[in-house]
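Okay, structure first, notes after.
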Amino acid sequence: MGDLGEAQLSGGCLCGTVRYSVADAFEYAANCHCANCRRATGSAFKPFGGIRAGLFALIAGKDSLLIYGDPLASHDVHCGKCGSLIYSLVREQAYVHIPLGTLADAPTMRPTAHIFVGSKAPWYEISDGLAQYEEHAP
């Protein structure tokens, strides 16, 4: 994992099989309301942080991972035992999206916007003051 002097955060799945470390250097964070993120998390939206892939490392559970999607392109990575969504590889696998709920430590960056609100759950009302984008943030 690259070391640029950032504090390290730890995280993992519900059952504890998969654990990771990530630098506290997220470049962006948002609440995604797209249908895929809602289905993957079972929630109204997925709060996530985006970071360069080299600043993320699996600590345990590599043999227990379940890949959903194209392993050579963007895909989600779940714990194969408990099903927790651990991370997503995106943007030609250059970035990792970490669901903030899997972190054991609090990141410095908090979500700054709601994205894909054009497909948000009709039963959920966004009531905070964060920016809202019909699709992704500019």
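Of all residues in the range 18-65, those satisfying the criterion of being in contact with a strand residue (DSSP E or B) (Cβ under 7 Å, 6 or more places away or on another chain), among the aliphatic types (A, V, I, L, M) and in a loop (DSSP other than H, G, I, E, B) are 18, 25. Among the residues that make up the range 77-94, is at least one of them at pLDDT 95 or above, part of a loop (DSSP other than H, G, I, E, B), touching a helix residue (DSSP H, G or I) at 6+ places or on another chain (Cβ under 9 Å) and closer than 16 Å to residue 111 by Cβ? Looking for residues that are at pLDDT 95 or above, part of a loop (DSSP other than H, G, I, E, B), touching a helix residue (DSSP H, G or I) at 6+ places or on another chain (Cβ under 9 Å) and closer than 16 Å to residue 111 by Cβ, one finds none in the range 77-94, hence no. Only residues that are in contact with a His (Cβ under 8 Å, 6 or more places away or on another chain) and not β-branched (Val, Ile, Thr) were counted across the range 47-98, and they come to 12. When the residues of the range 98-108 are narrowed to those that are out of contact with any helix residue (DSSP H, G or I) (no Cβ under 9 Å at 6 or more places or on another chain) and under 15 Å from residue 32 (Cβ atoms), which ends up surrounded by the most Cβ atoms within 10 Å (Cβ to Cβ)? Looking at the filtered set, the residue picked out is 98. I want to confirm something. Restricting to the range 51-81 and keeping residues that are crowded, with 18+ Cβ neighbours inside 10 Å and not acidic (Asp, Glu), which single residue is farthest from residue 102 (Cα to Cα)? Result: 55.
The values are calculated or read from the model by the stated rules, or taken from the named source; none is laboratory data. Nothing here was measured: the structure is a model prediction, and the numbers come from that model. All Cβ positions, even for glycine, are placed from backbone atoms using ideal geometry, and neighbour counts span all protein chains on display.
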